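Peer 1: Pasting a structure here, questions to come.
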Amino acid sequence: MSEVSGNPGQMITDPAGVVIDGLHKSFGDVEVLKGIDMTVSPGQVVCLIGASGSGKSTLLRCVNRLEDPDAGRITVGQFEATHEDVNLDAMRRQIGMVFQQFNLFPHLSVLENCTITPRRVLKHSKDAAEEEALHHLELVGLKHLADRRPAQLSGGQQQRVAIARALTMQPSLMLFDEPTSALDPETVGEVLSIMRDLARAGMTMLVVTHEMGFAREVADRVVFLDNGLVVEEGPAHQVIGAPTQPRTQDFLRRVLNPLGE
Amino acid sequence: MALSNRDRARLSLGIQAAIFAGIVVVLIIIIDWTAVQRSFFNLEPVMAMFPEVITVGLWNTVRYTFFGFLFGLIGGTVLALMRIASFPVYRWFATLYIEFFRGIPAILVFIALGFGASLAFGLNLSTLQTASTALAIVGAAYIAETIRAGLQAVPKGQMEAARALGMPAWRAMLTIQIPQAFRIVLPPLTNEAILLTKDSSLIFVVGMAGSAAELTKMGRDGITMYQAGMTPLVVAGVCYLLITVPLSILARRMEERSPTNSSRRRHKKKATASPVSSGVA
């Protein structure tokens, strides 16, 4: 990473890499992923871009096995995600995931959202779990809202809580599935800046996004997916700034310049 | 004739009110009030029924219903989980159970349990056991469908988020999905409790000792005991309302307070700049 975060205590000590090899996935008759190969090195940030329906989210969801791949191999750190004997729960504890719709637990307070898994699954004591959770809520700037219910928070705040909730499990890989797509425009920035800080602290991140500015600034690599295949990949400035494939050029033209001027 | 819309609406309301008032007046005139009073609102048996109608009748009705509902709730939750399970045998069993016990009159279950249990298993069930088991068996069938609907009303993302955090399926079900489902179905569940309260009267087909009598039994016994008309049944009816109306009020309260219903206060003002972002900005 180029820069060290302002919070050295938050340095990610053990980032995991991801290796995806020949990944296929169909829903019914529709083949969504048609053989994806890609690698994310430990500590790297990779942004997945592409039109809706190109398979980006499905690819992301295969990594922590929210979707079961039809063929291919995925390894995450020391876990072979696609192996039939893999301990899925143990693997998922190493993988934080942030969803487009936040998916906070509405019947629990912000603090409880962050402590329930450490307490119930990792068997941490109440005090230890709360201390850890408050620490992460402070990092996302929401410690003062710990007692609120998710419904009382803005979208941006909810998404920041979701990030804190994922971080309390001390993951070594973070998956972001269009984390800002459901947000009001004025709250997008607060979420992106936390993601940037996380990237700078050395977290391995796989991010499905339409935020080209974020991808350009934060991503080590950008992967453009179209129709279930990797069409182009490379450094952000290259893929977004000077794409070589016609389909990438066409997609970026439409995203960056929706009115076609 | 140029009636405005508002005048027309007012006229129609007026006519409805007049018809209603007319019906009430006619009923008041034609009813034989002394006869009604003698057989339905006779104060003497009312006084005689107290306090047993409360200490025995109401108490037993509440007891039978409480345990019936409790076990029905547990059984219904298990059936609901079976109903949405991926293992087909579970689904078939749950569907069969629900269709069967929703489809037959509850009184048959009381009879089967009251007379069949001792024949088939040599069991000698107390009235409490018979009544609450029968209510639980019938209640579970109805409650199962309610809870299944509640489970399916919880957004899919909730389970996904819990599993993505590394919760095992059973733990996610127990701490995330079921609590939310229950919140959603609290009002209809209260309905089930009200229905079971009234169904507890069916224990009369089995017969019971005086000390085990519930409200309806006491009402029926009162008729023969006091020879003063239907008044004891009216007393029993009022006692049922003493149970069911508070339940309804409780349900309405909970509905108003449910989190999905709460006013969504939005905090537009941004939280104080996060220490993380200020660290690198």
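Laboratory data are not the source of any read-out in this text; all were calculated from the coordinates shown. Here the structure is a predicted model, which means the values were calculated and not measured. No Cβ is skipped: glycine too gets one built from the backbone with ideal geometry, and neighbour counts run over all protein chains shown.
Peer 1: Roughly how many debye, to the nearest 20, is the charge dipole of chain B about its Cα centre, given +1 on each Lys and Arg Cβ, -1 on each Asp and Glu Cβ, and no other charges?
Peer 2: Magnitude of the dipole: close to 1780 debye.
Peer 1: If a/c stays under 1.5 just call it rounded; otherwise compare a/b with b/c (prolate if a/b is bigger, oblate if not). Do that for the range A:69-109, with a ≥ b ≥ c from the square roots of the Cα gyration tensor eigenvalues.
Peer 2: Note, shape of the range A:69-109 comes out prolate.
Peer 1: Further, regarding this structure: GluC sites (Glu not before Pro), restricted to the range A:29-99: which are DSSP loop and have at most 15 other Cβ atoms within 10 Å?
Peer 2: Hits after loop and neighbour filter: A:Glu84.
Peer 1: May I pose another question? Taking amide hydrogens as modeled 1.01 Å from N in the peptide plane, which residues meet the under 5 Å criterion relative to A:Gln100, leaving out close sequence neighbours?
Peer 2: A:Asp177
Peer 1: Which cross-chain or sequence-distant (5 or more) residues have an amide H under 5 Å from the amide H of A:Asp70, H modelled 1.01 Å from N in plane?
Peer 2: A:His24, A:Lys25, A:Ser26
Peer 1: In addition: When 1/r is averaged over all different Cα pairs and the result inverted, which Kirkwood radius in Å belongs to the range A:16-126?
Peer 2: After inverting the pairwise mean of 1/r, the radius is 15.6 Å.
Peer 1: Amide H to amide H, which residues 5 or more places from A:Thr82 or on other chains are under 5 Å from it, using H placed in the peptide plane?
Peer 2: When sequence neighbours closer than 5 places are left aside, the close amide H contacts are A:Ile74.
Peer 1: Would you mind computing, in nm to one decimal, how far apart the modelled labels at B:Phe121 and B:Gln152 are, each placed 7 Å from Cα along Cα→Cβ?
Peer 2: 3.2
Peer 1: With a ≥ b ≥ c the root eigenvalues of the C-alpha gyration tensor of the range B:1-63, is it rounded (a/c under 1.5), prolate (a/b larger than b/c) or oblate?
Peer 2: oblate
Peer 1: Still on this structure, I have one more. For the range A:24-93, what is the charge dipole size about the Cα centre, in debye to the nearest 20, if Lys and Arg each add +1 at the Cβ and Asp and Glu each add -1 at the Cβ?
Peer 2: 320
Peer 1: So if I place +1 on the C-beta of Lys and Arg and -1 on the C-beta of Asp and Glu, and nothing else carries charge, what would the dipole magnitude of the protein assembly as shown be about its Cα centre? I want it in debye, nearest 20.
Peer 2: In debye, rounded to 20, the protein assembly as shown gives about 1340.
Peer 1: What do you get for Rg/Rh over the protein assembly as shown if you use C-alpha atoms and the Kirkwood form of Rh?
Peer 2: 1.14
Peer 1: How many Cβ atoms of partner chains, on average, are near each residue of B:165-177 if near means within 10 Å of its Cβ?
Peer 2: 6
Peer 1: Also: By its C-alpha gyration tensor, with a ≥ b ≥ c as the square roots of the eigenvalues, how is chain B shaped: rounded for a/c under 1.5, else prolate for a/b larger than b/c, else oblate?
Peer 2: It is oblate, given that a/c is not under 1.5 and a/b is not larger than b/c.
Peer 1: Shifting gears a bit: Using only Cα atoms, locate the centre of the range B:1-20 and the centre of the range A:215-261, then give the distance between them in Å, rounded to an integer.
Peer 2: 68
Peer 1: I've got another one for you. Within chain B, what's the longest run with no trypsin sites (Lys or Arg not before Pro) in a DSSP loop and at most 15 other beta-carbon atoms within 10 Å? Give the range, please.
Peer 2: Longest site-free region, per DSSP loop and neighbour criteria: B:1-263.
Peer 1: To continue, here is another question. When Lys and Arg each count +1 and Asp and Glu each count -1, what net charge do the other residues less than 10 Å away from B:Gly166, Cβ to Cβ, add up to?
Peer 2: +3
Peer 1: Still on this model: Per Stokes-Einstein, at 4 °C and 1.567 mPa s, what whole-number D in µm² s⁻¹ belongs to chain A, with the Kirkwood radius over Cα pairs as the hydrodynamic radius?
Peer 2: Estimated via Stokes-Einstein, D reaches 69 µm²/s.
Peer 1: How many Cβ atoms of partner chains, on average, are near each residue of B:156-162 if near means within 10 Å of its Cβ?
Peer 2: 6
Peer 1: Follow-up question, since we're still on this one. Using +1 at the Cβ of each Lys and Arg and -1 at the Cβ of each Asp and Glu in the range B:44-254, identify which of B:Pro188, B:Gly103, B:Ala228 lies farthest towards the dipole's positive end.
Peer 2: It is B:Pro188.
Peer 1: Please report the net charge: other residues with Cβ closer than 10 Å to the Cβ of B:Gly210, K and R +1, D and E -1.
Peer 2: Net local charge, B:Gly210 excluded: -1.
Peer 1: A further question follows. Within the set of other residues whose C-beta is less than 13 Å from the C-beta of A:Ser57, count the net charge using Lys and Arg as +1 and Asp and Glu as -1.
Peer 2: So the environment of A:Ser57 carries a net charge of -1.
Peer 1: Given a Förster distance of 25 angstrom, what is the FRET efficiency for B:Ile104 paired with B:Leu70, based on the Cβ-Cβ distance and rounded to 0.05?
Peer 2: The value I calculate is 0.65.
Peer 1: Given the DSSP H assignment, sum -39500 (n - 2.57) over each helix run of at least 4 residues in the protein assembly as shown and divide by its residue total; what's the result at 222 nm in deg cm²/dmol, nearest 500?
Peer 2: After summing the helix terms and dividing by residue count, I get -17000 deg cm²/dmol.
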